[in-house]
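Asks: Right, I'll just put the structure down here and ask away after.
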2 protein chains.
Amino acid sequence: MADVTVIEVGPRDGLQNEKRIVPTDDKLALIALLRAARLPRLEITAFVSPKWVPQMADHEAVLRGTPPADGLIRSVLVPNERGAQAALAIGVEELAVFTSASETFARKNINCSISDSIGRFAPVAELARRNGVRLRGYVSCTVECPYEGPIAPQAAEDVAIALFELGCVEVSLADTIGRATPSGVDAMLTAVTARLPSARLACHFHDTFGHALNNIDIALAHGIGIFDSAVGGLGGCPYAPGAAGNLSTLPLVRHLENRGLSTGIDMARLKDAETFAARLRS
Amino acid sequence: MADVTVIEVGPRDGLQNEKRIVPTDDKLALIALLRAARLPRLEITAFVSPKWVPQMADHEAVLRGTPPADGLIRSVLVPNERGAQAALAIGVEELAVFTSASETFARKNINCSISDSIGRFAPVAELARRNGVRLRGYVSCTVECPYEGPIAPQAAEDVAIALFELGCVEVSLADTIGRATPSGVDAMLTAVTARLPSARLACHFHDTFGHALNNIDIALAHGIGIFDSAVGGLGGCPYAPGAAGNLSTLPLVRHLENRGLSTGIDMARLKDAETFAARLRS
């Protein structure tokens, strides 16, 4: 067993935020390289409307092209019941839903209030339960919001609790714009872990301002052992063209292994995946 | 439509002849990269006994891990009816059978006479027909044999005819040890194409002595437009450790494209596959 679990979100969160539309076969090759690197959990696509997210228009082909494997959890992001049904019809191990700790970010990003988003997820949670698949919740802007500025720790805590009550087995707390400092992350995690078990929390950091690895250390100190990252830093930063976005998987894994924390990941193969991911960005 | 069809045999013929046992996920990553490079036909594994060929022991996992795709022909080598049934139960587009133009090579390599091998393929051919999948035949040592030396063109011709009569839609004529010279290939192809349509013949050259691309030119002159190759030259030469074996896909495709013959292959992605294949050898 690994000490820490690294969730690879490059094929979805990463590629969704790249301007370039990556061909399906290139996505499947990237996913295969990540599997060869023994990433145990892959967020591979989003069952969203191609009108809103053309980068994920091939979600059915990507899921069909990624067959199940022992020890692999294939996760797909779904915005609503319809997306969940379509994903389940093909077969997945996990559905993921996405909301925010910031009301303004929720309205701008998913076009509804936070509480409306949770309501919209209720039938998704019911489908996950009935089909025996995991449900994962994302909370964006848990520390900083591009519109509202600092977010109160209480807001992140409330949304995380609502997602667990919905039926999530894990909630990922995100610093969506990379502006969170270690002290901000510390305050947020102090609030959230006071009410929720750290073993069921993940953190999702962006490295836009170089804080990601420091924030990982804060999260480790709070007992969190599940981290999201994107191979090759895929995704960039939607608010600052050219700037780093998602924490890159290779530096994350190196950082963890340097601390003596095993990840179970094959570094040589991860480098192959990083090299390939870099080519997909250009 | 491409002018010339390149059959990628690296994952099977290549990896079967490497000493190192490559992990399944690495094979799947290689196959995914080859698909991203738009290789239209992939020989992905062999349904043979792991006792005889431990390199292919994961044949079921490799086939299951390579889902069907539009425009892709997944080929697997089968030595007998049992292998064919197992492959068909999972799903393939092509079964391939392997014999020789050299009696001695047949006895040493597949442990029976040439005519016995054809007899053993009859139920395989029947299964292919009933299941509507392609049947491909390989003839090894069509020009030179490591045991017998030069092979009479008549011998290659007879075996190729027997394979077509069996029900093969294509027969691949191999220079298994790379010792065939252009004049030897010319004599063999003159004999075979006098009796069989060149459109249903393929050539499979080894580059051990640097003759492969010259032999390709001879084959092109005989109207042959289907060539086998192995990404990164996987497979080496079973008779000369460290020496080149299978013709490498990248130089083959470059050679063809330089002659103005289109292959439909994405060169940038093929380079990615070559880079990855090279890492699997070490």
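Asks: Scale the Cα Rg of the protein assembly as shown by the rule-of-thumb value 2.2 N^0.38 Å and send over the ratio, two decimals.
Replies: That works out to 1.11 for the protein assembly as shown.
Asks: Shifting gears a bit: Given a Förster distance of 45 angstrom, what is the FRET efficiency for residue A:113 paired with residue B:130, based on the Cβ-Cβ distance and rounded to 0.05?
Replies: Numbers: r = 60 Å, r/R0 = 1.32.
Result of the calculation: an efficiency of 0.15.
Asks: For chains A and B, what's the summed buried accessible area, probe 1.4 Å, to the nearest 100 square angstrom? Don't jump to the answer; show the numbers that get you there.
Replies: Working: alone 11350 and 11340 Å², together 21250 Å².
Summing both sides, the interface buries roughly 1400 Å².
Asks: When only C-alpha pairs under 8 Å and at least 6 residues apart count, what is the relative contact order of chain B, in percent?
Replies: Here the relative contact order equals 22 percent.
Asks: What is the spread of the Cα atoms of the range B:133-213 along each of their three principal axes, largest first, in whole Å?
Replies: 35, 23, 22
Asks: Label position 7 Å from Cα toward Cβ: report the copy-to-copy distances for residue A:111 in nm, one decimal, ordered from shortest.
Replies: 6.4
Asks: Based on the Cβ-Cβ distance from residue B:217 to residue B:281, what FRET efficiency comes out when R0 is 30 Å, to the nearest 0.05? Don't skip to the end; give the middle numbers.
Replies: On the way: r = 28 Å, r/R0 = 0.92.
Once the sixth-power term is evaluated, E becomes 0.60.
Asks: Expected output is a single nm value to one decimal: the length gained when fully extending between residue A:257 and residue A:3, i.e. 0.36 nm times separation in residues minus the C-alpha distance. What is it?
Replies: Working it through step by step, the gained length comes to 90.5 nm.
Asks: Grab the residue from chain B whose Cβ hugs the B-to-A rotation axis most tightly, plus its distance in whole angstrom.
Replies: Per the Cβ-to-axis criterion, the result reads B:32, 2.
Asks: With a 1.4 Å probe on protein heavy atoms only, tell me which residues of the range B:254-271 lose at least 50 Å² of accessible surface in the complex relative to the chain by itself.
Replies: B:269
Asks: Here's a follow-up. Give me the residues in the range B:9-38 whose solvent-accessible area, probe 1.4 Å, is reduced by at least 10 Å² once all protein chains are included instead of the chain isolated.
Replies: Residues of the range B:9-38 that lose at least 10 Å² of accessible area once the other chains are added: B:25, B:26, B:28, B:29, B:32, B:33, B:35, B:36.
Asks: Continuing with this model, one more query. When the accessible area of the protein assembly as shown is split by element with a 1.4 Å probe, what percent falls to carbon and sulfur?
Replies: It is 51 percent, rounded to a whole number.
Asks: Lys/Arg Cβ at +1, Asp/Glu Cβ at -1, dipole of the range A:5-278 taken about the Cα centre: which of A:215, A:85, A:97 is farthest positive-ward?
Replies: The residue sitting most towards the positive pole is A:85.
Asks: With an 8 Å cut-off on Cα pairs and a minimum separation of 6 or more residues, tell me the relative contact order of the range B:96-204 in percent. Before the final figure, lay out the partial values.
Replies: Numbers: 185 pairs, mean separation 31.1, N = 109.
Once normalised by length, the contact order is 28 percent.
Asks: Between residue A:275 and the same site in the other copies, what are the distances in nm, shortest first, taking label points 7 Å from Cα along the C-beta direction?
Replies: 0.5
Asks: Let's see if you can work this out: charge +1 on each Lys and Arg Cβ, -1 on each Asp and Glu Cβ, no other charges. What is the dipole magnitude of the range A:193-282 about its Cα centre, in debye to the nearest 20? Don't skip to the answer; put the middle values down first.
Replies: On the way: 8 positive and 7 negative charges, 20 e Å.
For this selection, approximately 100 debye.
Asks: If the only charges are +1 at each Lys and Arg Cβ and -1 at each Asp and Glu Cβ, what is the size of the charge dipole of the protein assembly as shown around the Cα centre, to the nearest 20 debye?
Replies: 240
Asks: May I pose another question? List the extent of the Cα atoms of the range B:34-143 along each of their three principal axes, largest first, rounded to whole Å.
Replies: Per principal axis, max minus min of the Cα coordinates gives 39, 29, 28 Å.
Asks: Using R₀ = 25 Å, calculate the FRET efficiency as 1/(1 + (r/R₀)^6) where r is the Cβ-Cβ separation of residue A:90 and residue A:18; round to 0.05.
Replies: E between residue A:90 and residue A:18, to the nearest 0.05, is 0.55.
Asks: Another question about this same structure. For chain B, count the residues as N, evaluate 2.2 N^0.38 Å, and divide the Cα radius of gyration by that value, please.
Replies: So chain B has a normalised radius of gyration of 0.90.
Asks: If you take every DSSP beta bridge whose two residues both sit in the range A:5-278, what share of them, in percent to the nearest 5, is antiparallel?
Replies: 10
Asks: Could you give, in nm with one decimal, how far residue B:198 is from each other copy of that position, shortest first, with labels 7 Å out from Cα toward Cβ?
Replies: 7.3
Asks: Considering only DSSP states other than H, G, I, E and B, which trypsin sites (Lys or Arg not before Pro) in the range B:1-104 qualify as loop sites with at most 12 other Cβ atoms within 10 Å?
Replies: Numbers: sites: B:12, B:19, B:20, B:27, B:35, B:38, B:41, B:51, B:64, B:74, B:82; in loops: B:19, B:20, B:38, B:51.
Filter output for the range B:1-104: B:19, B:20, B:51.
Asks: While we're looking at this one, here's another question. Restricting to DSSP loop positions (anything but H, G, I, E, B) with no more than 16 other Cβ atoms inside 10 Å of their own Cβ, which chymotrypsin sites (Phe, Trp or Tyr not before Pro) remain in the range B:49-137?
Replies: Passing both the DSSP loop test and the Cβ count: B:52.
Asks: While we're on this one: Quick check for you: with a 1.4 Å probe and neighbouring chains kept, what is the accessible area per residue of the range B:29-142, in Å²?
Replies: Heavy-atom accessible area per residue stands at 39 Å².
Asks: Mind checking the dipole of the range A:5-278: about its Cα centre, +1 per Lys or Arg Cβ, -1 per Asp or Glu Cβ, Debye to the nearest 20?
Replies: Values: 25 positive and 30 negative charges, 80 e Å.
It comes to approximately 380 debye.
Asks: Still on this structure, please answer the following. For a 19 Å ceiling on Cα separation, which of these pairs sit above it: A:27/A:108; A:27/A:271; A:51/A:108; B:51/B:108; A:27/B:271; A:271/B:27? Mind dumping the intermediate values first?
Replies: Working: A:27/A:108 28 Å; A:27/A:271 16 Å; A:51/A:108 16 Å; B:51/B:108 16 Å; A:27/B:271 17 Å; A:271/B:27 16 Å.
Pairs exceeding 19 Å: A:27/A:108.
The values are calculated or read from the model by the stated rules, or taken from the named source; none is laboratory data. This structure is a prediction, so every number in the text was calculated from the model and none was measured. Reconstructed Cβ throughout: ideal geometry from the backbone, glycine too, with neighbour counts over all protein chains shown. Please note that ligands, DNA and RNA were not included when accessible areas were found on the heavy atoms of the full protein model with its side chains. Shrake-Rupley method; radii C 1.70, N 1.55, O 1.52, S 1.80 Å.
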